[in-house]
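Engineer: Okay, here's the structure, questions in a sec.
The values are calculated or read from the model by the stated rules, or taken from the named source; none is laboratory data. As the structure is a computational prediction, the values presented were derived from the model and not from experiment. Cβ placement follows ideal geometry from the backbone for every residue including glycine, while neighbour counts extend to all protein chains displayed. Each accessible area value is taken on the protein alone, full model and side chains, heavy atoms only, with ligands, DNA and RNA left out. Shrake-Rupley method; radii C 1.70, N 1.55, O 1.52, S 1.80 Å.
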Amino acid sequence: MMRQYGHFIDGAFVRQNAGPVFESLNPYTGQAWAELQEGTQADVDDAVRAATRAQSGWWKLNGAARAEVLHRIADVIAEHAAELSVFESTDNGKIVRETRGQMQFAARLFRFFAGYCDKIYGQTIPMDQTSIFDFTVREPFGVVGLITAWNSPITLLCNKLPAALAAGNTVVVKPSEHASVSTLELCKLFKKAGLPEGVVNVVTGGAAVGNAIVTHPQIAKISFTGSPEVGAKIAGAAGALLKPVTLELGGKSANIVFDDADIEAATVGALAGIFAATGQTCVAGSRLLVQRGIKDELISRLVDRAGQIRMGDPLDESSEMGTAANKPQFDRIMDRIAKARDGGAKLVAGGGRGQGVDLHTGLFIQPTIFDDVTNDMEIAQEEVFGPVLSVIAFDTEEEAVQIANDTPYGLATGVWTTDLSRSMRLVPQLKSGVIWVNTYRVVAAQAPFGGVKESGYGRERGEQGLLEYTQTKNVMIDWSGQIKDPFAIKN
């Protein structure tokens, strides 16, 4: 059955501006399963007006009252996690075992930021002039625009949304045109939880909708998750309007394995780092840096385990890896694999389309491993965003650091070693926003997340993620009431 959706504006699903429609394809069956509205400038204007009307009332709620709403949202997300996960897995091909966990994490994020609603503190500042009392307050921006990607729509949205709401903002959201359904289904739960109308608005569509949000004069801040190429365009457009931006972009993360590591743990970490989520995650450990003495053994283990990964229906609980999320992404991944083979990398596992019963209609890609990769190869420098692992040998600690940092990106790094002193030496040397030691792809609501270099700027999650949605106002009060010399006032 074809599901039909309008935009979610001012607490209702609407199709009033009669924009064209587009279809969402199930990447497992290849069939259209949802029809969505292509947003127009008028739709974005309507959403911004609704968010603007709602913002003053939302902010005027005291922190405890906002927290109650966010806790109710967390409750209904947890209650409906199973059905939300089915919507998301149907839309983007990620296995339901993972998306179900992501829905529970979304609820955790709402609960975490609910706890901050009445704890957004300012400071009192001692002044040189003893008659002046100085203090700061943190205030919301007003209306903010949130633009998310197709690989984990609800997680990416909930990295942003509860923080923005806790701070007193209202929002206009644009999900990816490749995977919008779970975001729209989440809006039904907002209504069930009693979120006031207009606090959250969603306009679906492509790049034109994103541009309308970024350049809208009444949207005061933008948060974007996606590719560096699009992120650069958004930063440029917002910068021309002096509008602040948070960017969570791509990665080409190094997963570094030293010869003293627990090799079984490192094997599991390497597999999880690149083949979980079909490699379609910005923190994918796509470059496996292995100390030369253990490289052959580790590759043997990885090739054996990669061949055992069960690809299948994302909604089947026994499936371990799903599809590429959409046809353009499938084609990009396959093109990167072909170029790596032509460029001299040694293919030791996978490299083709998934074969087997029930795989013929889906966008499946075999878990792929390349050996004999050097860091100057295209496969080691460009983000693949798929289940493709490049193995790079190193000899010394210094060489490992040099290779890890030799990339335009700086999102995440993994380090596998039983030498605690080594791990602490490496932390300040690695140019990365996130570093995992003896683990990989671990997330936490309270831990800030974000990158450096072309992986973006600003942080999500944790207290820093909350502060991204506030502005500092400074207040000075001269309690003496006496200004004796107007020309002595310093500016």
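Engineer: Which one of these does residue 6 not meet: (1) under 18 Å from residue 206 (Cα atoms); (2) of a type in the set (Gly, Ala, Ser); (3) open to solvent by 10 Å² or more (accessible area, probe 1.4 Å)?
Structural biologist: So residue 6 meets the others, but not (3).
Engineer: I need a count of the residues in the range 211-227 that are open to solvent by 30 Å² or more (accessible area, probe 1.4 Å) and either in contact with a Gly (Cβ under 9 Å, 6 or more places away or on another chain) or aliphatic (A, V, I, L, M) (or both).
Structural biologist: The number of residues fulfilling the criteria is 3.
Engineer: Moving to a separate point now. Can you work out which of the residues in the range 335-359 that are in a helix (DSSP H, G or I) and open to solvent by 50 Å² or more (accessible area, probe 1.4 Å) is farthest from residue 96 (Cα to Cα)?
Structural biologist: Looking at the filtered set, the residue picked out is 342.
Engineer: If residue 29 meets every condition in (1) touching a strand residue (DSSP E or B) at 6+ places or on another chain (Cβ under 8 Å); (2) surrounded by fewer than 21 Cβ atoms within 10 Å (Cβ to Cβ); (3) in a loop (DSSP other than H, G, I, E, B) apart from one, which number is that one?
Structural biologist: (1)
Engineer: Additional query: Looking at this structure, is residue 372 of a type in the set (Asp, Glu) and touching a strand residue (DSSP E or B) at 6+ places or on another chain (Cβ under 6 Å)?
Structural biologist: In short, yes.
Engineer: Let me ask something additional. Taking residue 91 as the residue in question, decide whether it is of a type in the set (D, E, K, R), touching a Gly at 6+ places or on another chain (Cβ under 9 Å) and in contact (Cβ under 8 Å) with a residue 24 or more places away in the chain.
Structural biologist: Taking the combined requirement at face value, the residue does not satisfy it.
Engineer: Quick one: would you say residue 79 is surrounded by fewer than 24 Cβ atoms within 10 Å (Cβ to Cβ), under 27 Å from residue 54 (Cβ atoms) and more than 17 Å from the chain's Cα centre (by Cα)?
Structural biologist: Spelling it out, residue 79 is indeed surrounded by fewer than 24 Cβ atoms within 10 Å (Cβ to Cβ), under 27 Å from residue 54 (Cβ atoms) and more than 17 Å from the chain's Cα centre (by Cα).
Engineer: Here is a follow-up. Quick check on this structure: which one of 268, 230 is open to solvent by 10 Å² or more (accessible area, probe 1.4 Å), closer than 22 Å to residue 384 by Cα and over 21 Å from the mean Cα position of the chain (by Cα)?
Structural biologist: 268
Engineer: Among the residues of the range 400-418, is there at least one that is open to solvent by 20 Å² or more (accessible area, probe 1.4 Å), closer than 25 Å to residue 309 by Cβ, more than 27 Å from the chain's Cα centre (by Cα) and in contact (Cβ under 8 Å) with a residue 60 or more places away in the chain?
Structural biologist: Looking through the range 400-418, none of the residues is open to solvent by 20 Å² or more (accessible area, probe 1.4 Å), closer than 25 Å to residue 309 by Cβ, more than 27 Å from the chain's Cα centre (by Cα) and in contact (Cβ under 8 Å) with a residue 60 or more places away in the chain.
Engineer: Please give the number of the condition residue 104 fails out of (1) within 30 Å of residue 359 (Cβ to Cβ); (2) open to solvent by less than 40 Å² (accessible area, probe 1.4 Å); (3) not acidic (Asp, Glu).
Structural biologist: (2)
Engineer: Oh, and also: Which members of the range 245-264 meet the condition of being in contact (Cβ under 8 Å) with a residue 40 or more places away in the chain and open to solvent by 40 Å² or more (accessible area, probe 1.4 Å)?
Structural biologist: Correct list: 260, 262.
Engineer: All but one of (1) open to solvent by less than 60 Å² (accessible area, probe 1.4 Å); (2) closer than 17 Å to residue 469 by Cβ; (3) in contact (Cβ under 8 Å) with a residue 12 or more places away in the chain hold for residue 118; which doesn't?
Structural biologist: Only one criterion is unmet by residue 118, namely (1).
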